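What follows is calculated from the coordinates using simple rules that are stated; it is not laboratory data. Keep in mind the model is a prediction, meaning the values are calculated, not measured. All Cβ positions, glycine included, derive from the backbone under ideal geometry; neighbour counts span all protein chains shown.
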Amino acid sequence: MPKMKTKKAAAKRFKVTGNGKIKRPKANKSHKLTKKNSRRKRRLSDKKVVKKKKRKNLKKMMPYKF
């Protein structure tokens, strides 16, 4: 049985915490930043935890991160 390949796009976007949860960056932080106030931009730079239903799909994409 050959090794499973990691989806590199997913590996670059998602990080796994010590507890096995997956963190992701929030959207809308890349352009048109002049319209957004500083509080909104600061909150967009935080990481968010992926929900359990999506976590199953991501584990298939990144088999060796867990």
key: Residue tally, condition aliphatic (A, V, I, L, M), in a helix (DSSP H, G or I) and surrounded by 10 or more Cβ atoms within 10 Å (Cβ to Cβ), over the range 9-27   = 2
task = Assess whether T6 counts as being surrounded by 12 or more Cβ atoms within 10 Å (Cβ to Cβ) and of a type in the set (S, T, Y).
result = yes
note = By residue number, the members of the range 28-48 that are in a loop (DSSP other than H, G, I, E, B) and without any contact (Cβ under 8 Å) to a residue 12 or more places away in the chain are S30, H31, K32, L33, T34, K35, K36, N37
